[in-house]
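Scroll down for the structure; my scribbles are underneath it.
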Amino acid sequence: MTIGLDANTQAFQEPQDGKITAPAIPSDAWRMRHQQRKVHEIPTGLDAAWHYAAGVFTQWIPRRKIYLRHAAAVQVAKGKIKNLTDDRLREQLTEISILFRRRREQLADRIRAAALICEASKRIVGQDPYKVQIAGGLALADGCLLEMATGEGKSLTATIPAILVGWQGRGIHIITVNDYLAARDAQQFAALYKFCGLSVDYVAQEMDPMRRKKAYLAHITYCTNKEVCADYLRDRLSAAPDNAPNGAAQSSADQLRQRQTQRELYFAIVDEADSILIDEAVTPLIISGAEGNAEEIECYRQAHQIADQLMEKRDFSAVARRRLIELTARGKEKISELRQGRAGVWVSQRRAEELIVQAVTARYFYTLGKQYVIQENKVVIVDEFTGRLMPDRQWRDGLHQIVEAREGVEVRTAKETLARLSFQRFFMLYKSLAGMSGTMAEVRRELWHIYRRPLVILPTHRPCIRRKLGLRIFAGEEDKLAAVVAEIGRVHSLGRPLLIGTRSVDASEKLSQRLTALGLPHHVLNAVRHAQEAQIIAAAGKAGCITVATNMAGRGTDIRLDAEAQKAGGLHVVATECHEAGRVDRQLAGRAGRQGDPGSSIIFVSMTDQLVQTYAAILARLSARMGKKGNLLSGLLGHLAVYWSQVRASWASHVQRKAVARADRWLDESLSFASENQ
């Protein structure tokens with residue numbers, strides 16, 4: 001049994017012609033797990049309009065002022081207990097935890113409890129939460145989503161709600177973006193949790209089932225979204241009658257409990273919530289069984305060869321912004337001719353067309369160094385939002401195998417899908433959900449619409465003095481890269497550290513080659529060179545340090561400046577291309593100017609960038625043409641092209657996420673119907 005993340009978002013479409021394409025998942029397991037927690041449905045039609053109006057109304061509630069006022073009260077209460085001995089402090093923590101266990105706490109109790117936790121944090125881990133962190137912790141404990149600027153200390157903020165909810169004894173999951181952060185935070189705050197009478201553990205990819213079960217039995221469990229969702233799917237499969245021990249038709253409650261790893265999904269705090277709840281929401285996690293027919297391998301190779309014989313516009317049309325290939329009538333006729341005399345899937349015209357469409361999709365929209373890399377003679381997917389490798393992830397419907405055939409590596413046969421669940425649907429299973437990130441304001445409406453969670457935007461602890469230098473627009477890629485290298489050389493000569501953000505592995509490597517040719521020492525951090533990620537980012541704030549990185553540098557680890565770097569002007573962030581979501585650009589820029597540090601950010605864009613060409617090609621051509629003639633309108637059109645590209649790209653992603661929600665709902669309804677008729 002293997003686990004993977006399905007990256008082919010195009011596959012999420014509602015059934016056509018009454019054909020059910022959903023994986024065969026044991027209906028009893030589905031029913032059993034869904035009885036544990038009924039998922040609220042995402043409203044549609046008039047209900048959606050009413051729900052949207054309710055969301056607008058909830059945003060009028062001054063939560064920011066309320067939680068900051070409560071945080072001020074916590075600080076006052078903390079001043080009254082600072083002279084307590086450690087033993088007396090522990091006794092008071094034990095006493096007040098009983099109120100939370102019995103769910104009898106009032107606002108005054110929550111304020112006193114938060115004060116005791118802050119005092120314990122100051123003594124045990126040497127970190128005294130400041131007002132904004134306290135306000136954030138109280139908001140998270142109430143199930144809110146929280147926007148806190150990068151570098152404001154979200155890890156410490158999460159300890160407050162973790163303890164308040166942990167006292168209830170039903171378990172709390174703190175979701176991080178990778179195993180390293182899960183282990184780091186669990187170990188860093190273990191002494192604090194123990195002082196407050198709670199146990200803590202973490203889940204990592206290499207852990208065996210018994211070790212995982214022990215971690216989930218702790219009061220507080222740190223884990224990644226992939227691991228917690230995978231364990232949930234495993235438990236669902238283990239609950240199926242077919243998997244019962246000794247071939248029994250139905251397991252007893254005790255036997256079922258022994259086989260399952262997790263307990264109930266009660267409360268989750270999601271770090272980098274915009275990335276996990278929005279960007280990765282369209283990515284379902286899949287558990288696969290035995291490998292399929294090895295004879296399929298030759299079909300994938302043949303599909304790649306046939307696709308190379310088709311011509312764009314004559315045999316098919318390509319819609320870049322949707323990664324969609326549509327065959328023309330002539331193209332279908334050509335496929336019909338080319339499949340003659342072939343066995344296997346080629347016997348069916350419809351299946352042959354589907355396979356060729358995947359092959360053409362791979363050729364046009366999946367590029368080495370951007371969507372994937374080659375490691376150990378295998379195609380490894382690169383997450384386009386985080387820049388991280390996804391070694392256990394495969395594209396579906398033969399797309400992954402066709403890419404392997406094109407690259408000349410070993411073609412691995414597709415595997416049978418045993419269970420599948422999108423992250424969007426999974427996080428809706430929790431009884432209560434909270435999350436935090438530095439960039440969520442742009443998607444606050446969608447977060448309310450899907451998860452029914454209000455957003456609280458908190459101020460920074462110290463005023464942000466980062467200088468935003470805006471966009472610099474160029475007609476072509478070469479002019480842009482020359483300007484980027486010149487900017488790096490200029491700022492490096494001042495002794496300031498630089499963080500250069502790229503959108504792909506390929507782009508980071510090409511920029512690295514240019515810097516090497518100029519004799520500029522630097523570090524590269526991308527999906528291929530990620531072994532020393534934490535160390536590279538930790539050193540990125542040293543004077544004169546140059547770090548070239550993909551999106552993976554924007555999450556999880558602070559860049560702290562040394563004294564020389566602060567005197568020189570702080571960290572300078574250079575983005576070499578805009579991202580599809582403007583908040584990702586804001587996340588990268590937020591690496592500079594943390595906690596009142598000096599810093600600056602700038603974005604370089606060319607009218608030949610893939611984003612602009614995909615969503616605003618006409619505006620890009622006009623801007624480039626006018627720029628050559630020295631027309632002042634060129635810059636205005638360039639800014640408009642970038643803005644319009646990001647608006648259209650964000651809307652396209654939103655539409656994809658709605659399609660995923662419809663597919664999940666259809667799966668539930670279909671499986672429920674099937675189980676009722678068995």
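The values are calculated or read from the model by the stated rules, or taken from the named source; none is laboratory data. From a predicted model like this one, the values you see are computed outputs, not experimental measurements. Neighbour counts run over all protein chains shown; Cβ positions are idealised from the backbone, glycine included.
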>> Just to be sure I understand the filter: pairs with C-beta atoms under 8 Å, separated by 6 or more residues or on different chains, first member in the range 337-363 and without any contact (Cβ under 8 Å) to a residue 12 or more places away in the chain, second member surrounded by fewer than 16 Cβ atoms within 10 Å (Cβ to Cβ). Which pairs pass?
In response: none
> If you go through the range 444-467 one residue at a time, do you hit one that is in contact with an Asp or Glu (Cβ under 9 Å, 6 or more places away or on another chain), touching a residue at least 40 places away in the same chain (Cβ under 8 Å), more than 19 Å from residue 642 (Cα to Cα) and part of a helix (DSSP H, G or I)?
Replying inline: yes
> Which of the residues belonging to the range 561-584 are crowded, with 19+ Cβ neighbours inside 10 Å, within 25 Å of the chain's Cα centre (by Cα) and more than 15 Å from residue 548 (Cα to Cα)?
Replying inline: 578, 579, 580, 581, 583, 584
> Mind checking which residues of the range 613-628 are over 20 Å from residue 366 (Cβ atoms) and either acidic (Asp, Glu) or assigned to a helix (DSSP H, G or I) (or both)?
Replying inline: 617, 618, 619, 620, 621, 622, 623, 624, 625, 626, 627, 628
>> One residue is enough: does the range 137-145 have a residue meeting the conditions acidic (Asp, Glu) and in contact with a helix residue (DSSP H, G or I) (Cβ under 6 Å, 6 or more places away or on another chain)?
In response: no
> Name the pairs whose Cβ atoms lie under 7 Å apart, with the first residue in the range 185-196 and farther than 18 Å from residue 87 by Cβ and of a type in the set (A, V, I, L, M, F, W, C), the second in a helix (DSSP H, G or I) and modelled with pLDDT of 95 or more, and 6 or more positions between them or separate chains?
Replying inline: 189/159
> Before we move on, is residue 620 closer than 25 Å to residue 508 by Cα, out of contact with any Phe, Trp or Tyr (no Cβ under 9 Å at 6 or more places or on another chain), outside the structural domain of residue 485 (by TED's automatic domain parsing) and at pLDDT below 90?
Replying inline: yes
> Tell me, which residue of the range 395-432 that is among the small types (Gly, Ala, Ser) and in a strand (DSSP E or B) is surrounded by the most Cβ atoms within 10 Å (Cβ to Cβ)?
Replying inline: 419
>> Considering only residues that are surrounded by fewer than 18 Cβ atoms within 10 Å (Cβ to Cβ) and of a type in the set (Gly, Ala, Ser), which ones fall in the range 78-109?
In response: 79, 108
>> Step by step: first the residues of the range 171-223, then only those that are of a type in the set (D, E, K, R) and closer than 22 Å to residue 129 by Cβ, then the one that is surrounded by the fewest Cβ atoms within 10 Å (Cβ to Cβ). Which residue is that?
In response: 194
>> Residues that are more than 29 Å from residue 450 (Cα to Cα), free of Cβ contacts under 8 Å to residues at least 40 places away in the same chain and over 33 Å from the mean Cα position of the chain (by Cα), at least 1 per element: which helices (runs of 4 or more DSSP H) completely within the range 51-168 meet that?
In response: 63-81, 86-101, 107-124
>> With the requirement that a residue be among the acidic types (Asp, Glu) and outside the structural domain of residue 149 (by TED's automatic domain parsing), what does the range 443-477 give you?
In response: 477
>> Restricting to the range 308-347, count the residues that are of a type in the set (A, V, I, L, M, F, W, C) and farther than 30 Å from residue 580 by Cβ.
In response: 7
